[in-house]
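Trainee: The structure's right below; bear with me while I get my questions together.
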Amino acid sequence: MKPVLIGRELPEIAELLPPGEPAFRARQLYEAAYRKRVASWDGITTFGKALREAMVERADFGLPEVAQEFTSSDGTHRYLLRLADLRTVETVFMPEDRRDTLCISTQVGCPVDCKFCLTALMGLERNLTAGEIVGQVLLGAARHGLDPTSRQMNVVMMGQGEPLLNLDNVLKATRILCDERGVGMSERRITVSTAGIVNRMEALGRAAVRPKLAISLNASNEEQRRELMPITKKWHLKDLLEACRAYPLRTWERITFEYVLLGGVNDTDADARRVVKLLGHLRCKVNLIALNPGPGIPFETPSEERVESFRQIVLRVIPCFVRRPRGRDIYAACGQLKRMAESDVAAVGKGGGSGLVAIGPAL
Ligand code: SAH
């Protein structure tokens, strides 16, 4: 396979050019690909025809292709993207009045075995490259006319995969996304979510350019978390919280804790009180998500009243929000589109309402 443009930082772009080209050519390519978000070699108009043709021979441009797209009546778009090796990965676009959110993937599948998550059933296929992570943002911005330099646009790394197990590529993608001469996003508009890979949190915290941190808590004590998120056997909840305490937050930053509410399992008032005890001393907020149910997931969604009662208890001490379900009519649950696409695409396209939903941004 040819080398790829998207995902390279400036010095690596210089390596793609034919020998003897001046250094400014690399800058022109970098700015065209990331700042102007040109989508193909044809669009590099600062290059003459001969140089463009030489580049076609030398490298692939490297944006993902849309294999399938589904549009929800609530405006959510769900994409199944085809990568160069024909593997597929999901990206979701969720528009709102004052905020647009792109939910992107960091791995194909996921190695973390959370008991309520559909992606977990796939296992890990491979890490995404930095280019495949950036490519999801470029594609989403292009298709929906988003301006990455505006406060309206947000990126959350909450699609398929465990970002902290692919940290080098996640950080490289973030540098390209946040570079003024690159895509131009603010670090405040990108969030990375982890199941709690404790030994990678320090490296994340040390990075000069890094997204905001979100932790998927999902349980109110060690034992319950071990059941729901077996990774807790390796990375204990106690150590995860200690790493959160030690995490170098920027002045404007708070850690977001995400909590999937599973009916009758982790959603009682006592659970909510334990969550307050666990997190009360941290600079943080809590996002509650009622379970997106799905085939093979042995849990139920709690009632709205239960969610609200849980929220009220947490809210006494910690800012606490409920995430809205999105894309109910397009099977937009975590990992769901890909699984359906692999089995019975036509049925999905027509809808049919199994009540599977994506996670919208917190209200
Ligand atoms: N591996 C990372 C990022 C991907 S999962 C992490 O664990 O944070 C992104 C979020 O989706 C997590 O908070 C996870 O707990 C949540 N999630 C997974 N499956 C879900 C489901 N069926 N319903 C609701 N939220 C779910």
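Trainee: Kindly provide the set of residues from region 139-157 that are aliphatic (A, V, I, L, M) and either free of Cβ contacts under 8 Å to residues at least 24 places away in the same chain or crowded, with 24+ Cβ neighbours inside 10 Å (or both), ordered by number.
Mentor: The initial filter retains those residues of region 139-157 that are aliphatic (A, V, I, L, M), namely 139, 141-142, 146, 153, 155-157.
Passing the criteria: 155, 157.
Trainee: Right, something else. Out of 214, 219, which single residue is in contact (Cβ under 8 Å) with a residue 40 or more places away in the chain, within 24 Å of residue 129 (Cβ to Cβ) and aliphatic (A, V, I, L, M)?
Mentor: Being in contact (Cβ under 8 Å) with a residue 40 or more places away in the chain, within 24 Å of residue 129 (Cβ to Cβ) and aliphatic (A, V, I, L, M) holds for just one of 214, 219, which is 214.
Trainee: What number of residues in region 255-284 are without any contact (Cβ under 8 Å) to a residue 60 or more places away in the chain and either within 14 Å of residue 212 (Cα to Cα) or among the aromatic types (Phe, Trp, Tyr) (or both)?
Mentor: The qualifying residues number 5.
Trainee: So which residues in region 34-57 are free of Cβ contacts under 8 Å to residues at least 24 places away in the same chain and not in a loop (DSSP other than H, G, I, E, B), if there are any at all?
Mentor: Result: 41, 42, 43, 49, 50, 52, 53, 56, 57.
Trainee: For residue 89, indicate whether it is among the aliphatic types (A, V, I, L, M), assigned to a helix (DSSP H, G or I), under 18 Å from residue 193 (Cβ atoms) and in contact (Cβ under 8 Å) with a residue 40 or more places away in the chain.
Mentor: no
Trainee: Is it the case, given these coordinates, that residue 104 is at pLDDT 95 or above and away from the ligand (no atom under 16 Å from the Cβ)?
Mentor: Working: at pLDDT 95 or above: yes; away from the ligand (no atom under 16 Å from the Cβ): no.
Spelling it out, it is not the case that residue 104 is at pLDDT 95 or above and away from the ligand (no atom under 16 Å from the Cβ).
Trainee: Count, please, the residues in region 281-298 that happen to be out of contact with any Lys or Arg (no Cβ under 7 Å at 6 or more places or on another chain) and under 17 Å from residue 216 (Cα atoms).
Mentor: Here the count works out to 4.
Trainee: Out of the residues in region 118-138 meeting the condition of being assigned to a loop (DSSP other than H, G, I, E, B) and within 16 Å of the ligand (Cβ to nearest atom), tell me which one is surrounded by the fewest Cβ atoms within 10 Å (Cβ to Cβ). Outline the logic, then answer.
Mentor: Narrowing region 118-138 to residues assigned to a loop (DSSP other than H, G, I, E, B): 118, 123, 128-129.
From the residues that got through so far, the ones that are within 16 Å of the ligand (Cβ to nearest atom) too are 118, 123, 128.
Numbers: 118: 23, 123: 11, 128: 29.
By that ranking, first place goes to 123.
Trainee: Only one residue in 267, 239 is surrounded by 16 or more Cβ atoms within 10 Å (Cβ to Cβ) and more than 22 Å from the chain's Cα centre (by Cα), so which one is that?
Mentor: Just a single option satisfies the conditions, and that option is 267.
Trainee: I'd like to know if region 335-342 contains one or more residues that are of a type outside the set (Val, Ile, Thr), closer than 16 Å to residue 260 by Cα, at pLDDT below 75 and touching a helix residue (DSSP H, G or I) at 6+ places or on another chain (Cβ under 9 Å).
Mentor: Checked against the condition, which is being of a type outside the set (Val, Ile, Thr), closer than 16 Å to residue 260 by Cα, at pLDDT below 75 and touching a helix residue (DSSP H, G or I) at 6+ places or on another chain (Cβ under 9 Å), region 335-342 yields at least one hit.
Trainee: Just the residues that are more than 15 Å from residue 3 (Cα to Cα) and assigned to a loop (DSSP other than H, G, I, E, B), please, taken from region 14-33.
Mentor: 19, 20, 21, 22, 23
Trainee: If you don't mind, there's one more thing I want to ask. Restricting the first residue to region 158-179 and requiring it to be charged (D, E, K, R), which pairs with a second residue that is within 16 Å of the ligand (Cβ to nearest atom) meet a Cβ separation below 7 Å and a spacing of at least six or different chains?
Mentor: Partner pairs satisfying both residue conditions: 162/107; 162/110; 162/111; 162/112; 162/194; 162/195; 162/197.
Trainee: In region 272-307, what count of residues is obtained for those that are among the aromatic types (Phe, Trp, Tyr) and in a helix (DSSP H, G or I)?
Mentor: 0
Trainee: Which members of region 156-190 meet the condition of being more than 21 Å from residue 118 (Cα to Cα) and in contact with a strand residue (DSSP E or B) (Cβ under 8 Å, 6 or more places away or on another chain)? Steps first, answer last, please.
Mentor: Taking region 156-190 first, the residues more than 21 Å from residue 118 (Cα to Cα) are 167-190.
169, 170, 174, 177, 178, 185, 187, 188, 189, 190 - these are the residues of region 156-190 that are more than 21 Å from residue 118 (Cα to Cα) and in contact with a strand residue (DSSP E or B) (Cβ under 8 Å, 6 or more places away or on another chain).
Trainee: Could you list, in sequence order, all residues of region 194-211 that are surrounded by 21 or more Cβ atoms within 10 Å (Cβ to Cβ) and either under 19 Å from residue 273 (Cβ atoms) or among the basic types (Lys, Arg) (or both)?
Mentor: Across region 194-211, the qualifying residue is only 210.
The values are calculated or read from the model by the stated rules, or taken from the named source; none is laboratory data. Keep in mind that what you see is a predicted model, and the values were worked out from it rather than measured. With ideal geometry, Cβ positions are generated from the backbone for all residues, glycine too; neighbour counts draw on all protein chains shown.
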